[in-house]
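Since the structure comes first, as structure tokens, the remarks are kept for the end.
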Amino acid sequence: MAIADETTLRVVLYEGEGAATLDAAERVSTLTTLLEKGYAVTCAGEGAVAPADDSALLVLGRFENGQAPEAEDANGKVAIRFRDIDGLDSEGITALVETERESSNAAQHGEWKPWFPVIDYDRCTNCMQCLSFCLFDVYGTDDDQGIQVQNNDNCKTNCPACSRVCPEAAIMFPKYKSGPINGDVVSDGELNREKMKIDISALLGGDVYQMLRDRSQRSRSRFSKERSSDKALGERTKCLTKLAAEADIDIPIEVLQSLPGADEIAQKAAAANARAQAVLDARQSG
Amino acid sequence: MADKPRILFCHCNYAKVVPEEVKAGVLKSLCKSGQAFEAVADLCEMAARRDPALKRLAAGEEPVKIAACYPRAVKWLFGGCQAPLNAAHTEVVNMRELSAVDAAAAMLDESVTPNLPEDGSVAAVEGEKKI
Ligand code: SF4
Ligand code: SF4
Ligand code: SF4
């Protein structure tokens, strides 16, 4: 199932008129459990909250006499459901919310670690290097031939490879361990630093995939003489880890190992390059 | 008097980049404060699914305070989903860099110091204002 365009069920923890107040500890544990399950929770209290939109609303509270009120949006646009949580612990509340989520077609969470490139358009110059680099069709272009992240769930978890080919340090992975890839400020020093800019072609004498391809071909011919497949796998792991360390590209070993075969890589790289070139050509002639 | 800022808290569910004690501490302080607030499991996940709820969270005229991570990342998580935050009235409190006490104090402080980066900003000197 495509992950895009699914909405999160909005849960409101209501403690106003007609409902009992939770004590702070209960509020914390209820909220933490709901957040850990992936829900968005509005805690009613003093001050404003975000305005409503058209998505379903589930209002939880300890209502007077255990009686959850019936209500509907005056415009009939928003589906509002009230549920009484009196006597339920945080697990019970989560089970209740989960049932409501299923019946409201809201997004199911926790199936995929959200790892994908985020483009800083203040910095991006639309050079299309990321488009030509990524083999997994994560990038595409919008109607105005601008770079766009399109298939973010195709991105290889924990791999920040393309952020290192971007000459402007415009590609972020917010869950990356260090800056500026994690979104921390980009200093002049970092922008000019080879390590950040990583001219991968220069570094690897071709491109990173070419390098991997060569290595893997060399390894394959060596491994073909091996009898033990376990040993071969160990060697391959060692070889790839060394490559990643040498190049200082911080690509996790699982990602390197999951790269497609040499021919497929060549095909994909050519296709990605052609897409990027087509965009650049169209822009020049436009 | 200026409006009280609206509060948004990101629980950064699917990675350990925000220290557990910081997010737990901030959430606890918000729960104790009696302030209304929005809490989301993971802004990155919402951005990945281009969740329409991001538009709702970015909308409104009041100043907004967001407990999450780096302002540049937060700006473009929203911006990439056509749900731009208003740079003039948004402050992002970075739970990756602050202690629980400091982050909670920043969230509950009613004054807002807008800190989304501006176009192409680069910090010239280490330690200077980071936007
Ligand atoms: S490589 Fe960087 S500057 Fe070039 S299009 Fe991609 S994000 Fe923009
Ligand atoms: S990290 Fe790898 S898979 Fe993900 S977008 Fe960049 S190049 Fe593509
Ligand atoms: S926005 Fe920052 S704090 Fe929130 S989920 Fe993403 S990385 Fe974590």
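Things to note:
- Semi-axes of the equivalent ellipsoid for the range B:6-108, computed as √(5λ) from the eigenvalues of its C-alpha gyration tensor and ordered from largest down, come to 20, 15, 12 Å.
- Once both labels are positioned 7 Å from their Cα atoms along Cα-to-Cβ, the gap between residue A:52 and residue B:88 label points is 2.9 nm.
- 16 Å cut-off, amide nitrogen to a point 7 angstrom out along residue A:283 Cα→Cβ, residues in the range A:108-128: A:119-128
- With every protein chain in place, the range B:6-108: carbon and sulfur % of accessible area (1.4 Å): 57
- Lysine pair number, Cα distance threshold 16 Å (strictly under), the range B:1-128, separation 8 or more or different chains: 6
- Close amide-amide hydrogen proximity is noted between residue B:93 and B:66, B:67, B:68, each under 5 Å apart and 5 or more residues distant or on a separate chain (H modeled in the peptide plane; Pro and chain starts excluded).
- Protein-protein interface of the range A:131-180, residues with accessible area decrease of at least 20 Å², isolated chain reference, 1.4 Å probe: A:152, A:172, A:174, A:175
- For the pair A and B, total buried accessible area rounded to nearest 100 Å², probe 1.4 Å: 4800
- Placing R0 at 41 angstrom, the Cβ-Cβ distance between residue A:267 and residue B:15 gives a FRET efficiency of 0.80 after rounding to 0.05.
- Protein-protein interface of the range B:55-92, residues with accessible area decrease of at least 20 Å², isolated chain reference, 1.4 Å probe: B:56, B:62, B:70, B:72, B:73, B:76, B:77
- Magnitude of the charge dipole for the range B:6-108, about its Cα centre and with charges confined to Cβ atoms of Lys, Arg (+1) and Asp, Glu (-1), is about 160 debye.
- Note on residue A:135: accessible area approximately 0 square angstrom, rounded to 10, probe 1.4 Å, nucleic acids and ligands left out.
The values are calculated or read from the model by the stated rules, or taken from the named source; none is laboratory data. Predicted model only: the values in this text are computed from it and were never measured. All Cβ positions, glycine included, derive from the backbone under ideal geometry; neighbour counts span all protein chains shown. All accessible areas refer to the heavy atoms of the entire protein, side chains included, with ligands and DNA or RNA removed. Shrake-Rupley method; radii C 1.70, N 1.55, O 1.52, S 1.80 Å.
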